[in-house]
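One structure is given here, and the rest of the page talks about it.
The values are calculated or read from the model by the stated rules, or taken from the named source; none is laboratory data. None of these values were measured; they are calculated from a predicted model. Using ideal geometry, Cβ is built from the backbone for each residue, glycine included, and neighbour counts are taken over all protein chains shown.
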Amino acid sequence: MRAVIQRVQRASVTIDGVVKSQIGKGFLILLGIENEDDTEDIEWLARKIVGLRVFDDENGVMNCDITHIQGEILVVSQFTLMASYKKGNRPSWLRAAGHEKAIPMYNQFVEELSFKLGKEVGTGEFGADMKIELLNDGPVTICMDTKNKE
């Protein structure tokens, strides 16, 4: 799994002109799922994200995690994170998991994050044409890949 985690002041996802989800201060997460991903990847990634200490403490130092600031999370599935661009200029999506695997894993990841956060996590809609709006905070953007755990 690959995740691009962006610290935001606010973020929303709109589908066909209708806002599906919106959050205030917290994380907008773009999530890519590949064929080899499993439950262990979901648990590791959710734990690392909720534990990220990238929010300012009372001294203005990035020392607080998202639970400390009572932040929110919006997760958007993004198969393009799994692009292979080594050959030619047109990316290949062969590493991206198909719908039959990716949808249940995406839903399980959202559930795991919700459990660890202690509140509902906003979502996009798998496979939909989504318009994402965000106000980056910092900006702070962190990329994680469960294939690089060490």
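What's the total number of residues in segment 81-107 that are of a type outside the set (Phe, Trp, Tyr), exposed (fewer than 13 other Cβ atoms within 10 Å of the Cβ) and either at pLDDT below 85 or over 20 Å from the mean Cα position of the chain (by Cα) (or both)?
7
Among the candidates GLU40, GLU34, GLU72, single out the residue that is surrounded by fewer than 21 Cβ atoms within 10 Å (Cβ to Cβ) and not small (Gly, Ala, Ser).
Just a single option satisfies the conditions, and that option is GLU40.
Just a yes or no: is a residue in segment 44-64 farther than 16 Å from VAL4 by Cα, of a type outside the set (Val, Ile, Thr) and in contact (Cβ under 8 Å) with a residue 12 or more places away in the chain?
Yes, the conditions are met somewhere in segment 44-64.
Do you know which residues across segment 3-28 are surrounded by 14 or more Cβ atoms within 10 Å (Cβ to Cβ), over 18 Å from GLY51 (Cβ atoms) and touching a Ser or Thr at 6+ places or on another chain (Cβ under 8 Å)?
Across segment 3-28, the qualifying residues are SER12, VAL13, LYS20, SER21, GLN22, ILE23.
Quick check on segment 126-133. Is at least one of its residues in contact with a strand residue (DSSP E or B) (Cβ under 9 Å, 6 or more places away or on another chain) and on the phi > 0 side of the Ramachandran plot?
Yes; the residues of segment 126-133 include at least one that is in contact with a strand residue (DSSP E or B) (Cβ under 9 Å, 6 or more places away or on another chain) and on the phi > 0 side of the Ramachandran plot.
Scan segment 47-89 for residues that are within 21 Å of PHE109 (Cβ to Cβ) and aromatic (Phe, Trp, Tyr) and report the count.
Final tally of qualifying residues: 1.
Filter segment 1-10 down to the residues that are among the hydrophobic types (A, V, I, L, M, F, W, C) and under 28 Å from ARG95 (Cα atoms), then identify the one that is farthest from the chain's Cα centre (by Cα).
The qualifying residue farthest from the chain's Cα centre (by Cα) is MET1.
Can you pull out the residues in segment 115-150 that are over 17 Å from SER21 (Cα atoms) and of a type in the set (Gly, Ala, Ser)?
Result: GLY118, GLY138.
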